[in-house]
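The values are calculated or read from the model by the stated rules, or taken from the named source; none is laboratory data. Fair warning: this is a prediction, and the values are worked out from it, not measured in the lab. We place every Cβ from the backbone using ideal geometry, glycine too, and count neighbours over all the protein chains shown. In case anyone asks, the SASA skips ligands and DNA or RNA and just uses the protein heavy atoms, side chains included. Shrake-Rupley method; radii C 1.70, N 1.55, O 1.52, S 1.80 Å.
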Amino acid sequence: MSPVLISKNDVKDFVINLLINEKEIDANILNPESKLKEIGIDSFGFLEIIFSIEHEFDIKFPQEFQDIVTLQDCLDITYNLIIDKNKTRTS
Amino acid sequence: MHCRRIVITGMGVVSPLGNTPEALAQNIFSGKSGIQRFEGAFVDKLICKVAAQAKFDPADYFVKKSDYAILDRIGQMALYASIEATKDANLPLKQQQNAGVYIGTGMGGILSVEEGYETLFKKGENRLKPYTVLMCMYNSAASAIATHFEFSGPNLTFSTACSSSAIAIGQAYKDIKLGDINYALAGGTDAILAYASIKSWESIRTLADEDPDDVSASCKPFSADRSGLVIGEGAAMLVLEELEHAQSRGAPIYAEIVGYGTANDFKHVAIPSVEGQAATMQAAIKNSGLAPDAIQYINAHGTGTKFNDETETEAIKQIFGKHAYQLAVSSTKSMHGHLMGAAGALEAMITVQSLLRNELPPTINLNNPDPKCDLNYVPNQSQKIENYRYAMSNSFAFGGTGASLIFKKVE
C-alpha cells in the first residue's frame, strides 16, 4: 500500500485548528514560535493535543517530550513521525 | 462553648424538574412529574425504559467548552449547581478561602468508565483519552468545584450509595459546627444512566414497571400498586454557613440545619430494617435536642419499592408513636425519581423550600391505599400548613448507611 501523502501544511492546519477549536486559543496570538505553555496549554492540555494528533495521523509520540516547547517544535516532530511511519511501511 | 448555628444561604440545582431552585419548586409543589420514556442509544435493550433525566446540555450552561469538556457529567452538573448556589448566596466566584466542598456520589464517573470500556472493548482501540482517570475518579466533581472556587479547606467525597449527599451535608454541618470552617458547598451529584449500570439495577428487580397509561406516573411510593424506583440524575448543591458569618455579610438565609444523625442498618446489605431506619431518625432527633413531636413533616426516602415504603412507615411509627399520624410524610421521588447519590441533597433542598412556602410537597400517583402504609403522605396535591417550624429529610441506602437531617424555619 502506498503511503498517504500528507504535507507540512496539512499538519499545520490540523494542529492550529485543534488549538483554536478544541483549546479555544485566540488565533491572533498563534505563531510558529509561540511557546505552548505561554499560550495556555498546560501539561494535561498538551497530552490531549498529542492524543488528537496521534489519532489523526496514526503515529506515536515518544514518551519523553521536554524538547517540544513551541508550536513549531510540535509541527516538526509530527511531520517527522509521519515521514518515519511512511518509510517503515514502504520498506 | 458558644454554640455555632448553621444555616443555608445558597441553593443550586440540576434536576429532572428544572435547573433552578425556582423551577424545581414550581414543579414539585404543583405535583408535576419529571419521569418519562428514557432517551438513549440503548433504550431498546432495556427492560425498564423509564427514567428521570435532567435536561442539561453543558454547552448551554457554560461559557467555554474548556470549562466542561474535561469533566464527567457528574462534574458538569455539580459545578454548574455550585456556581448557581454561590451566586444565590452572594459569595464571590473566586474566593481563595478556607472553605470546604462536601460531595456525595453513588457511582462517580460511571458514564466515563463506560465510555472508556466501549473504546477499548467494543471499538477495539488501544488507548484512552488523557483525562479518563480524572473523569472516572469518584472525587472528580468535588475537585472540579474546589479548584474552580480556589477553596483551601476540606475537599471531601462521600460514597454511601443512596444516602451519599445527605451524609455530605451532615458532615459539612458538623465541621462548620466544630469551627474548622465557616462555610461550605455541600450536596451531591450522580449520573448513572449508562447501559451497564441500568442493567445492574434491572438485575436486582427494584426498578418500577412502566405505567401502561402514563409513563410519567410509573413511580408510586406508598401506593398498594407501587412496583419500584425510577432512576434519575442530577446535582443539588447548598451553601452551608455559620449563622454569624452569614449575618455579617448580609446573606439570604433560607433555613437552619438543627439536627443530623447517621446510623448503620446492619441486618442486610440491601434489605432495609425498621430498626436501622428508626435508629437513623433517632440519632438526628437526639442531635437536634428536639422532642420527636416537634417534627411536622418528613421528606421520606420513599423509593417506591415494596420493602422500603412499608419499612419506613413502620420506622416512623416506632420513633414518633401517636404523633406519626399527626405529622405529614411525602415522597417527592414520585416526581423527580431517585437521584441516587444526589437524592439526599435534592430532597433537603425541597424540604427547605417546603419550610419557606409553608407548604408540604405531595406524593403523586398515590391512588391505591396500602394498609401497611397508613400515614398522611400528602397524596397527589400539596397541602398548606400553619405554624410550620421543623421538617426532616430521610435518606437510606444499600450498604446500610442511613442519614436524617432536621431543618428549622427561619423566624
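Overview of results
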quantity	calculated
Whole-number percent relative contact order across the range B:6-248, with pairs defined as alpha carbons under 8 Å at least 6 apart	31 percent
Amide N of the range B:53-83 lying under 20 Å from the label point, which is placed 7 angstrom from the Cα of A:D26 along Cα→Cβ	B:63-67
Viscosity 1.002 mPa s, temperature 20 °C, Stokes-Einstein D of the range B:259-408 from Kirkwood C-alpha radius, µm²/s	143 µm²/s
Sequence-separation-based contact order of chain B, relative, with Cα cut under 8 Å and 6+ spacing, percent	23 percent
Length gained when the stretch B:V410-B:T147 is fully extended (0.36 nm per residue, less Cα-Cα span)	91.5 nm
nm² value of the averaged projected area, convex hull over the Cα atoms of chain B	19.0 nm²
Farthest positive-ward along the range B:259-408 dipole, Cα basis, beta-carbon charges - from B:Y388, B:A279, B:V269	B:Y388
Most mobile of B:T160, B:T280, B:T119 in a GNM of chain B (Cα contacts under 10 Å)	B:T119
Rounded to 5, the percent of DSSP beta bridges in the range B:259-408 classed as antiparallel	65 percent
Cβ charges +1 (Lys, Arg) and -1 (Asp, Glu), total dipole of chain A, debye	380 debye
Per residue convex hull volume, Cα atoms of the protein assembly as shown, in Å³	164 Å³
Most mobile of B:L193, B:L79, B:L185 in a GNM of chain B (Cα contacts under 10 Å)	B:L193
Restricting the range B:28-117 to trypsin sites (Lys or Arg not before Pro) in coil, as DSSP defines it, with at most 10 other Cβ within 10 Å	B:K64, B:K94
Top of B:A78, B:A324, B:A191 by mean-square fluctuation, Gaussian network on chain B, Cα under 10 Å	B:A324
Percent of beta bridges antiparallel (DSSP, the protein assembly as shown, rounded to nearest 5)	65 percent
Amide proton proximity set for B:A270, modelled H, under 5 Å, gap of 5+	B:G399
Amide proton proximity set for B:G100, modelled H, under 5 Å, gap of 5+	B:Y183, B:A184, B:L185
Pairwise FRET efficiency - B:A291 versus B:T119, Cβ, R0 = 56 Å, nearest 0.05	0.45
Within straight-line cross-link reach of B:K177, lysines at Cα separation under 17 Å, skipping those fewer than 8 residues along the same chain	B:K286, B:K408
Accessible area (Å², per residue) of the protein assembly as shown, counting only protein heavy atoms and a probe of 1.4 Å	43 Å²
Given 16 as the ceiling on other Cβ atoms within 10 Å, longest exposed-site-free region of chain A for GluC sites (Glu not before Pro) in DSSP loops	A:65-91
Full-stretch length increase - B:K32, B:Q96 - with 0.36 nm per residue and alpha-carbon distance subtracted	19.0 nm
Distance between modelled label sites at B:D213 and B:D180, nm, 7 Å Cα→Cβ extension	5.2 nm
Chymotrypsin sites (Phe, Trp or Tyr not before Pro) restricted to DSSP loop in the range A:40-91 with at most 12 other C-beta within 10 Å	none
Modelled FRET efficiency - R0 22 Å, B:I47 with B:K306, Cβ distances, 0.05 increments	0.80
Charge dipole magnitude, Cβ of K and R +1, D and E -1 - chain B, Cα centre, debye nearest 20	420 debye
Theoretical FRET efficiency, 1/(1+(r/R0)^6), r = Cβ-Cβ of A:R89 and B:E39, R0 45 Å, to 0.05	0.55
Reduced Cα scattering model of chain A, Debye log10 I(q)/I(0), q = 0.18 Å⁻¹	-0.78
Helical contribution to [θ] at 222 nm, DSSP H n ≥ 4, -39,500 (n - 2.57), averaged over chain B, rounded to 500	-9500 deg cm²/dmol
Under the span-like rule (Cα at least 20 Å along the axis, Kyte-Doolittle mean at least -1.0), DSSP H helices of chain B	B:73-88, B:164-178, B:274-288, B:306-320, B:343-357
Unit charges on C-beta of K, R, D, E only; dipole of the protein assembly as shown, Debye	800 debye
Segment B:D374-B:K199, extension gain: residue separation times 0.36 nm, minus the distance between their alpha carbons	59.7 nm
Given 14 as the ceiling on other Cβ atoms within 10 Å, longest exposed-site-free region of chain B for chymotrypsin sites (Phe, Trp or Tyr not before Pro) in DSSP loops	B:43-265
